[in-house]
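Here's the structure we're looking at; comments come further down.
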Amino acid sequence: MTTSPNDIPTLADLYNSNEISKANDDSKYNYDEALNKRISIWRGDITKLEADVIVNAANSSLLGGGGVDGAIHRAAGSNLLEECKTLGGAKTGETKLTKAYKLPSKFIAHTVGPIYSSSKKEECELNLKSCYSTSLELCKNNGGGSIGFSSISTGVYGYPIQDATEIAIETTRTILEKDETITRVIYVVFSQRDEDVYKSIIPKYFPPSSLSS
């Protein structure tokens, strides 16, 4: 069974239903109801999401792997691997687009997240920001619409979930402020822990009306 973005609550919905606490006084941005209607947090299976683009946390070969990467390749079928073989891999922070084949989405953005190292924190931040910005740019350049993100680099690549989520959400905010072609950004999380992290951080970047300045 697939899930449409229309079936997933927006951030505005989550605020209205009090599913996300409004008690956050360290917001870095102004309240914007229109932006809040373009953001979602969804605990579900990204291979079932009917988005225009889903973002795969790929390795540099782009030929599949474990976790979300393997699940996307299995669900999409062998034609995805054949197309990926033509792409010549990708560098850390780079994103390449393919068709989605048997998936309900239209495209897959394969992005290569950084392997986290505390001694290279600044470099890791720049590369992770690039993963999100290049994925959003590809969505914009291919008709816009909805995009679903897996939580890049937070699995076996070891990026601390709190830090990675801050980068993901702030990068999204800065891009959506300048672009109207992307109608929905869905953060697809696997665990309750990750969902709670996203919900605790997101008011800083997409505050509710009570925090309007």
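Values as computed for the structure displayed
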read-out	value
The chain - Rg and Dmax from Cα coordinates, angstrom	16.3, 51
Residues of type aspartates and glutamates that K48 reaches as a straight line, Cα spacing below 13 Å, ignoring anything fewer than 8 places off in the same chain	D7
Most to least packed among 118-130, 161-173 [average Cβ atoms within 10 Å]	161-173, 118-130
Reachable lysines from K22, criterion Cα separation under 22 angstrom, eight or more residues apart if same chain	K37, K199, K204
The chain: calculated mean residue ellipticity at 222 nm from DSSP helix runs of at least 4, using -39500 (n - 2.57)	-11000 deg cm²/dmol
S27/T86 FRET efficiency (R0 30 Å; Cβ-Cβ; nearest 0.05)	0.10
Ordering of 69-77, 52-60, 102-110 by packing [mean C-beta count within 10 Å, highest first]	52-60, 102-110, 69-77
Reach of K96 by Cα under 19 Å, taken over aspartates and glutamates that are not fewer than 8 positions away in the same chain	D52, D69, E82, E83, E137
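All of the numbers you see were taken from the coordinates with simple rules; none came from a lab. As the structure is a prediction and not an experimental result, all values here were calculated from the model. Cβ: placed from backbone, ideal geometry, glycine included. Neighbour counts: every protein chain shown.
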